[in-house]
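Data block below; observations after.
The values are calculated or read from the model by the stated rules, or taken from the named source; none is laboratory data. The model shown is predicted, which means the values in this text are computed figures rather than measured ones. Glycine gets a Cβ as well: all are built from the backbone with ideal geometry, and neighbour counts include every protein chain shown. Protein only, heavy atoms only, side chains kept; ligands, DNA and RNA dropped before computing areas. Shrake-Rupley method; radii C 1.70, N 1.55, O 1.52, S 1.80 Å.
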Amino acid sequence: MAGRNPGTELELGWISKVYVNRPAVVRHAEQIKKWKTVKVAAGFPSGQTPLEAKLTEIRLAVEYGAREIDIVISRSLVLTGQWEGLYEEIRLCRAACGEAHMKTILATGELGSLANVYKASMIAMMAGSDFIKTSTGKEVENATFPVGIVMMRAIKEYYWQTGYKVGFKPAGGIRTAKEAITWLMLVKEELGVEWLTPELFRLGASSLLGDIEQQVFYHVTGSYALQHELAMA
Amino acid sequence: MAALVALGAAPVAKIFATMEEGPIPAGINPGEAWLESHGRSLGHFVAGTWLKPPGRMSLECQEAATGRTVAVVPAGDSSDLAAAVAAAAAAAEAWAGLGGPERGQRLTRLATTLDSDRRGTMGALLALAGGRPLCQTLGADLDLGLRLLQVPAGGAQLGLPGLEGWTPLGVVAVVLAGPCSLSALLWKLGPLLAMGNTALVLSSPAAAPPLLLLGELSGEGAVLPPGVLNVLAGPPGLCQALRAHPEVTSVTFLGAAQEELQALVWGSPCRGPRLGGPRGGRVVVIVLDSADLDSAAAAIAATAATPPALFPWGGCVVLAQDAVAVALEQRLRARLGALRVGDPLDPKTEVGPLPPGTPPPEGVVQEAHEEGAQVFQVPLPPLPEGGHRFYPPTLISGAALTSCCLREPAPGPLLVLLPVRSPNEAVAVASALPQTVAAAVWAQDITVALDTADRLPQGLVWLNALDLLDPSGGCAGGAMDTDLDEALREFGCPPWEQPPEVDEPLSPLVTADDPGDPDLAQAVAAARGAAPGWGRLAGACRARVLRGAAAALWGGHGTPKDGGSGDTDGSLRRALLRWAARVERGGGAVQEVPGGRVLVTRRPLGVVGVAWGWPRPLPLELLPPALALGNCVVVAAPPGGAGPVQRLRKALVAAGLPGGALMVLPGNSRGSGSRLARQRPDGLWLCGTDADCDWASAVSVPRVWGVPAGLLGAGGQDPPSRRRAGAGAALHPPPLSVAAGRGSLRPPQNAPNLRGFQTSHCAPNPRPPPQ
């Protein structure tokens, strides 16, 4: 598949055969919840800037020394089913990034269906992303477990087909340490232990750090910290 | 750091490298605590108190995972059984007299007690004794079990319309002949108690502790009056002693294979016990090319790890369409490799040990390997006791259709994967697999999914889900389905049934080496050939045939053309017309259950045999309902008695009935019941003397009825209609039972005439609110 294998043709025959059963995925997510565990550029946060503007931003950021770039895909391409267009867009961004680490933000809350999330993830990986990320954290619906499950299954399928490991980053809506541990367990179940490293799994959260500090404080001292005892997040 | 190491925890760096899950701090195991409180020596629970007969040999209850003895129970013998039967019989009248609503309330109280404080104890005991992982017994199993108590209780409280005038049977014995989960027991016990019977549970020592806890809970606070629920533990042969007690009106076997049932019944004086019970089986999963493979693989792996609560025996056969078979196998292997095998009391475990008493399926796997199939087994982690009671999750692919692993259900976490070419082939294979209780179809293409589900013979079909069980929608028992109404009816006595009179025991009439009956075999074969076509016709077409026959017989004038021997005036015509109207209306229902909807459709039984012997007249009114609902009937008539039936047949055939749908065989009537049963029809009516049938051959027939003598006696009135109304929406041939006279025959009550599709096209919870 093209992004990491220059010289091969883009092949989209699999697109029509993607099936995701939403109730089953939601049930799976409910079950897991019960278990006892970036320099941004290019269209942030809505992804609706024109492609030329995105590429210029990326080039400038790389010139100024950025080592990690986050791009947001155009959701209109997904919603209208223009998969070649989406692939082309991400491939161009990849080319502009050069050697920098590229994260593709899919804005999964806006994509409409879990099947679309799966297809968009695969296209993003085919076009050369190093990480796929659920959302910017500023949308209405951010990282939920069903979406995470579907994206992780896409990553696994891509790995089986090509041998490349692409990372996963859920962002937005993760506020408690318990949720974070549940994400860790989900990654362990769907992708395996090899993905539980910072090179392949990251959490995008801002208020989460405060909650983790509280939990560590509790385990060490036995009570929760007062507001002034911890740093302002 | 040193402090952590002293606690026995691994160093933090190592944990980050392996990312293994830590141990969950285990408190006191409530199950063990309960056993300790009884001094590890339990007794029988009879008449509301513990019964510990002195000086009795004790049997050990062993933990499923390690074989360690956790408690002892006395070995029950016939004196204990007599005491229990006496207690149950004494309590029967009072319990029945309480009335439906009061009984419903008591059962709800029992469910609440089980739910609130003793939940942990029950879950722990079930995990200890049966080997099912704690996360299941405390979670899905117990929830299902509680619903199985509450839904019949609710039904009894409401007073379901189809059950007016039904009386309870009396004392019912439930024999657990094999490993059985709480839900399977409550699936029978709930309706049983709700209908007003008293129960006597005979269990093996291994499965006894949770049942004794249930008994104790029912006695606490007098939730159930003493004697209503009695639990006895004993050796397997104890149930033979039931034959000596005529007060026991019905016996239900759980977990017994058909051969064992036959062995129990053959040669026994038939004193009236009504047999019944689910038989073990497997789940068939059909994955078509438009399926969500990841979800299907996740669900199948979970089912292999812990089989569904109501049929924990057989493992899973996966039929995958060619286009997706390889991808599905890859995913299944990945999922099976990630399953956690361990001590069932550990909350993290997903795969527990084999149920006590079941041998590991080594032979089956070995044979598959020798035949050239690929066997994928996950190596077992270090387990207590060397893990010889555990079996690793296994996937067999590439097995031949005749291989041993497909011929019989093998216990344990065993999956067999077969590629099929198309939905048609999938349906053919699924129909041919023996001993399957439920099926699942995974396909996102709704037309294909519904069509495939429609053609499968299993009683319970899931669409894009596995193991969604709800008692109000329909639960599978054996290869058949019962909904709430039928489950309650199974333990009730309809108002038209006369109480049995027990005279002499019946003896088998036709021995095993009697020559076969070629005419009968041919007639049944012809009926089987006509059955699919006749059954699949739209209701309106069948109605037209019946109306045409009515018109032909009476020319529309309402006067019978012939003398009508044994046929009351016009009632046959009325029956034909009424059932024509009835079947034109159609049937079926949609039930809403947590997790989705259940489409309940009723299907014809298939081939129904009527064994008619002199001197009873054959009530011809019983033939139109059977035919109207799509069954094919084979009548074995005595010499000289076939006239009216032949006339009816000619009229029906002239109106369009296919040739094989109604076959009449004149001939010898001695033992016609047994001979018909030997041909294995799907239903059997005994309308003759009681020496016509012996139980051993009747065991293999799913539904057996006897026709009461007084059916045609009440002149003027219309007995059949009242009875059919009493049978509610029951579309099967009227469930008349009891042949009055010598002995009493009660039929086994499994009927493949109710099929439910459970679909889950709606997600179980609403979407989380946007954050």
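Of the helices (runs of 4 or more DSSP H) lying entirely inside the stretch B:48-140, those containing at least 1 residues that are in contact with a His (Cβ under 6 Å, 6 or more places away or on another chain) span B:78-97. Checked against (1) within 14 Å of chain A (Cβ to nearest Cβ); (2) more than 17 Å from residue B:319 (Cα to Cα); (3) surrounded by 24 or more Cβ atoms within 10 Å (Cβ to Cβ), residue B:446 passes all but a single condition, namely (3).
When the test is whether a residue is crowded, with 20+ Cβ neighbours inside 10 Å and among the charged types (D, E, K, R), residue A:153 passes it.
The condition (being at negative phi, at pLDDT below 85 and touching a strand residue (DSSP E or B) at 6+ places or on another chain (Cβ under 8 Å)) is satisfied by just one residue among B:662, B:676: B:676.
Pairing residues of the stretch B:571-583 that are crowded, with 20+ Cβ neighbours inside 10 Å with residues that are among the aromatic types (Phe, Trp, Tyr), at Cβ distances under 8 Å and at least 6 apart in sequence or on separate chains, gives B:573/B:554. Of all residues in the stretch B:208-241, those satisfying the criterion of being in contact with a strand residue (DSSP E or B) (Cβ under 6 Å, 6 or more places away or on another chain) and assigned to a helix (DSSP H, G or I) are B:208, B:209, B:211, B:212, B:215, B:218, B:238, B:239.
When residue B:388 is tested against (1) touching a helix residue (DSSP H, G or I) at 6+ places or on another chain (Cβ under 7 Å); (2) of a type outside the set (A, V, I, L, M); (3) more than 27 Å from residue A:32 (Cβ to Cβ), exactly one condition is not met: (1).
A single member of A:206, A:223 is under 24 Å from residue A:129 (Cβ atoms) and of a type in the set (S, T, N, Q), and it is A:206.
The set of residues from the stretch A:221-233 being modelled with pLDDT of 85 or more, of a type outside the set (Ser, Thr, Tyr) and over 33 Å from the mean Cα position of the chain (by Cα) comprises A:222, A:226.
Residue count for the stretch B:292-310, restricted to those that are open to solvent by 10 Å² or more (accessible area, probe 1.4 Å) and modelled with pLDDT of 90 or more: 4.
Take residue B:357 and tell me if it is surrounded by fewer than 23 Cβ atoms within 10 Å (Cβ to Cβ) and on the phi > 0 side of the Ramachandran plot. Yes. Filtered by the rule that a residue be buried (at least 18 other Cβ atoms within 10 Å of the Cβ), in contact with a helix residue (DSSP H, G or I) (Cβ under 7 Å, 6 or more places away or on another chain) and of a type outside the set (A, V, I, L, M, F, W, C), the stretch A:202-217 gives a lone residue, A:211.
Can we say residue B:419 is buried (at least 18 other Cβ atoms within 10 Å of the Cβ) and touching a Leu at 6+ places or on another chain (Cβ under 6 Å)? No, not satisfied. When residues in the stretch B:346-377 are screened for being part of a loop (DSSP other than H, G, I, E, B), away from every other protein chain (no Cβ under 14 Å) and not charged (D, E, K, R), 12 of them pass.
Within the stretch B:82-141, the residues that satisfy the criterion of being in contact with a Phe, Trp or Tyr (Cβ under 8 Å, 6 or more places away or on another chain) and not hydrophobic (A, V, I, L, M, F, W, C) are B:103, B:121. The residue of the stretch B:326-342 that is farthest from the other protein chains (Cβ to nearest Cβ), among those that are among the aliphatic types (A, V, I, L, M) and open to solvent by 40 Å² or more (accessible area, probe 1.4 Å), is B:326. Per the conditions (1) within 13 Å of chain B (Cβ to nearest Cβ); (2) acidic (Asp, Glu); (3) over 19 Å from the mean Cα position of the chain (by Cα), the sole criterion not satisfied by residue A:211 is (1). Counting only residues that are open to solvent by 70 Å² or more (accessible area, probe 1.4 Å) and at pLDDT below 80, the stretch A:18-33 holds 2 of them.
When you scan the stretch B:26-35, do you find a residue that is surrounded by fewer than 14 Cβ atoms within 10 Å (Cβ to Cβ) and among the β-branched types (Val, Ile, Thr), even just one? So far as the stretch B:26-35 goes, yes, one or more of its residues are surrounded by fewer than 14 Cβ atoms within 10 Å (Cβ to Cβ) and among the β-branched types (Val, Ile, Thr). Considering the stretch A:179-201, the residues that are part of a loop (DSSP other than H, G, I, E, B) and open to solvent by 60 Å² or more (accessible area, probe 1.4 Å) include one that is farthest from residue A:227 (Cα to Cα), namely A:199.
Filtered by the rule that a residue be away from chain B (no Cβ under 13 Å), under 22 Å from residue B:292 (Cα atoms) and open to solvent by 10 Å² or more (accessible area, probe 1.4 Å), the stretch A:113-146 gives A:116, A:119.
Restricting attention to the stretch A:90-100, the residues that are at pLDDT 90 or above and either under 23 Å from residue A:147 (Cα atoms) or open to solvent by less than 10 Å² (accessible area, probe 1.4 Å) (or both) total 2.
Restricting A:181, A:155, A:149 to those that are under 21 Å from residue B:19 (Cα atoms) and either at pLDDT below 90 or away from chain B (no Cβ under 13 Å) (or both) reduces the list to A:181.
Scanning the stretch B:366-398 for residues that are within 23 Å of residue B:130 (Cβ to Cβ), open to solvent by less than 50 Å² (accessible area, probe 1.4 Å) and touching a Leu at 6+ places or on another chain (Cβ under 8 Å) returns B:378, B:387, B:390, B:391, B:392, B:393, B:394.
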